[in-house]
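The next block holds one structure in the form of structure tokens; read it before the comments.
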Amino acid sequence: MTTTTAPVTLHPRAGRADAMLATLLERRRPGHSLEAPFYLSEEIFQADLEHIFRRHWIFVGVAPQVPEPGDYLTVDIGADSVLIVRDDDMQLRAFHNVCRHRGSKLCDEHQGSLGNIVCPYHQWTYDLEGRLIHADHMGETFLREQHHLHKVHLRDLEGLIFICLADEPPADFEEVAARMRPYLAPHKLSECKVAAQVEILEQGNWKLTMENNRECYHCVGNHPELTISLYEHGFGAQPGPQNAEGIAQFEQIVKDSHARWEAMGLPSARIEELDTRVTGFRTQRLPLDRAGESQTMNTEVACKKLLADFTEKSLGGLSFWTQPNSWHHFMSDHVVSFSVIPLSAGRTLVRTTWCVHKDAVEGVDYTVENLTSVWNATNDQDRRLVEFSQAGVASSAYAPGPYSPFTEGLVEAFCVWYVDRMRAALGSGPR
Ligand code: 3BY
Ligand code: FES
Ligand code: FE
């Protein structure tokens with residue numbers, strides 16, 4: 001996938017909003033932040049939902065949120081509510097959260113547990129595989145089998161749950177999954193429990209949330225808690241004589257750590273495919289500073305009971321970033337996952353979930369406060385930055401500014417991916 005400068009050939013049924021969007025996509029200046037309407041326009045927000053969030057694989061939660069048959073979670077992508085349920089055979093399934101009778105929403109809570117899926121309106125009842133098993137008053141000739149719940153595509157990638165609302169989801173997810181499994185599997189996320197989940201509402205566009213996540217240029221100035229565990233030379237700077245030695249030392253630490261972890265069966269090498277495929281992703285396992293164990297205030301493990309069968313605490317942080325809406329950090333003692341859900345042009349939900357070994361005991365092996373303090377602080381700092389950005393791009397003085405070639409390469413990768421995917425959607429068949 002490459003960014004071309006050729007004009008987008010619009011579908012014949014394209015409207016004025018699409019034409020405006022196509023013009024903005026065509027004139028996007030490489031290496032610069034996006035023009036203001038991408039963050040402010042409700043029409044572009046609707047296009048984001050349609051072309052990005054309804055066509056790509058969206059990270060919605062972790063398997064430990066739904067450990068038992070009947071456990072469910074719901075997620076709203078624009079007007080589409082999706083119900084994710086574990087069935088009696090322990091299979092995860094996703095359905096549109098919409099009754100086949102007169103369309104009532106079925107489950108209103110974000111998370112819960114049920115025996116069958118019973119519509120609150122007239123009690124049509126579906127089993128955990130989405131089959132309509134009971135509907136009163138519908139007569140002898142009514143065919144229940146024609147009224148099963150509409151399915152949504154779902155993949156469980158080693159405990160990370162992705163859904164896709166498209167009829168034909170991007171097929172390259174299977175390759176991404178195959179390449180990521182060896183990295184993720186050793187941490188056994190599916191054998192964890194949720195220790196904490198926090199939702200924050202950001203008064204900003206979802207793309208500002210994602211762009212902010214894709215760089216650490218802002219870390220030194222804003223994240224005193226997170227930077228305790230990050231190596232000073234590990235998150236980017238402009239290389240020069242003043243830091244050449246520090247960078248070389250860090251690179252040596254990475255090399256030595258990778259050799260140690262690879263020998264333990266933990267793949268560590270970086271994969272960099274954020275803007276070169278439909279299901280853009282990136283991964284790398286990086287050493288942590290000081291005690292080097294975990295992203296905590298003292299960099300020691302937050303949970304004494306380690307994940308899986310790990311006996312070694314210093315496994316660094318395995319990070320996994322996906323387009324368009326997630327990032328994750330897998331450590332020896334816990335996993336922290338972030339799901340970004342767009343609510344409107346200027347409002348975004350960020351859901352953070354911390355998981356520990358399912359046998360870990362709160363108050364004995366870990367405390368929620370110690371486990372969550374770094375990312376609660378960091379999320380709040382990032383929320384403020386996103387809100388400042390949202391306020392600033394609304395100003396008449398805002399014009400796209402230049403990215404650092406050293407520390408904002410992944411922000412550019414996010415924008416290149418976004419622009420490419422939007423152009424592909426606008427230029428192709430019926431919508
Ligand atoms: O660690 C993260 O997930 C991102 C990357 C850089 C800044 N940050 C909060
Ligand atoms: Fe669901 Fe009537 S709308 S049973
Ligand atoms: Fe940040």
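Just a few scattered comments:
- Exactly one residue out of ASP365, ASP380 is of a type in the set (D, E, K, R) and within 13 Å of ligand 1 (Cβ to nearest atom), and it is ASP380.
- Screening THR125 with (1) among the hydroxyl-bearing types (Ser, Thr, Tyr); (2) touching a residue at least 40 places away in the same chain (Cβ under 8 Å); (3) farther than 30 Å from VAL350 by Cβ gives one miss only, at (2).
- Condition check for SER268: within 22 Å of the chain's Cα centre (by Cα), surrounded by 12 or more Cβ atoms within 10 Å (Cβ to Cβ), more than 14 Å from ligand 1 (Cβ to nearest atom) and of a type in the set (Gly, Ala, Ser): yes
- Condition check for LYS151: under 25 Å from ASP48 (Cβ atoms), within 16 Å of ligand 2 (Cβ to nearest atom), in contact (Cβ under 8 Å) with a residue 24 or more places away in the chain and not hydrophobic (A, V, I, L, M, F, W, C): no
- Residue among THR125, THR141 that alone is among the hydroxyl-bearing types (Ser, Thr, Tyr) and either within 16 Å of ligand 1 (Cβ to nearest atom) or surrounded by fewer than 12 Cβ atoms within 10 Å (Cβ to Cβ) (or both): THR141
- Residue that is nearest to ligand 2 (Cβ to nearest atom) [pool: residues in segment 207-227 that are within 21 Å of the chain's Cα centre (by Cα) and among the charged types (D, E, K, R)]: LYS207
- Set ALA94, ALA22: member being in contact (Cβ under 8 Å) with a residue 12 or more places away in the chain, closer than 26 Å to PHE414 by Cα and of a type outside the set (D, E, K, R): ALA22
- For segment 186-195, the criterion of being away from ligand 3 (no atom under 16 Å from the Cβ), touching a helix residue (DSSP H, G or I) at 6+ places or on another chain (Cβ under 6 Å), assigned to a strand (DSSP E or B) and of a type in the set (Lys, Arg) is satisfied by at least one residue.
- Evaluation of ASP359 against (1) more than 25 Å from ILE52 (Cβ to Cβ); (2) in contact with a helix residue (DSSP H, G or I) (Cβ under 7 Å, 6 or more places away or on another chain); (3) surrounded by fewer than 21 Cβ atoms within 10 Å (Cβ to Cβ) (one fails), failing number: (2)
- Whichever residue in segment 209-230 is aliphatic (A, V, I, L, M) and farther than 17 Å from THR352 by Cα and, among such residues, is farthest from ligand 3 (Cβ to nearest atom): ILE228
- Apart from one condition, SER294 fits all of (1) within 16 Å of ligand 1 (Cβ to nearest atom); (2) without any contact (Cβ under 8 Å) to a residue 24 or more places away in the chain; the exception is (2).
- Selection from segment 353-382 of residues that are within 11 Å of ligand 3 (Cβ to nearest atom) and among the polar types (S, T, N, Q): THR378, ASN379, GLN381
- Selected residue (only one of LEU160, LEU201, LEU208 is farther than 30 Å from SER332 by Cβ, within 16 Å of ligand 1 (Cβ to nearest atom), in contact with a helix residue (DSSP H, G or I) (Cβ under 9 Å, 6 or more places away or on another chain) and aliphatic (A, V, I, L, M)): LEU208
- Residue within segment 250-262 that is crowded, with 17+ Cβ neighbours inside 10 Å, touching a His at 6+ places or on another chain (Cβ under 6 Å), of a type outside the set (Phe, Trp, Tyr) and modelled with pLDDT of 95 or more present: no
- Matching entry among THR322, THR276 (being surrounded by 24 or more Cβ atoms within 10 Å (Cβ to Cβ), touching a residue at least 40 places away in the same chain (Cβ under 8 Å) and at negative phi): THR322
- Residue, nearest to GLY159 (Cα to Cα), within segment 69-112, restricted to residues that are away from ligand 2 (no atom under 16 Å from the Cβ), hydrophobic (A, V, I, L, M, F, W, C) and surrounded by 15 or more Cβ atoms within 10 Å (Cβ to Cβ): LEU92
- Condition check for GLY130: crowded, with 18+ Cβ neighbours inside 10 Å and within 24 Å of the chain's Cα centre (by Cα): no
- Taken together, GLY240, GLY292 contain a single residue that is within 20 Å of TYR217 (Cβ to Cβ) and outside any strand (DSSP E or B), which is GLY240.
- Test: residue in segment 106-113 that is polar (S, T, N, Q), more than 21 Å from ALA63 (Cβ to Cβ) and away from ligand 3 (no atom under 16 Å from the Cβ): no
The values are calculated or read from the model by the stated rules, or taken from the named source; none is laboratory data. A quick note: this is a predicted structure, and the numbers were derived from the prediction, not measured. Heads up, the Cβs are rebuilt from the backbone with ideal geometry, glycines too, and the neighbour counts pull from every protein chain shown.
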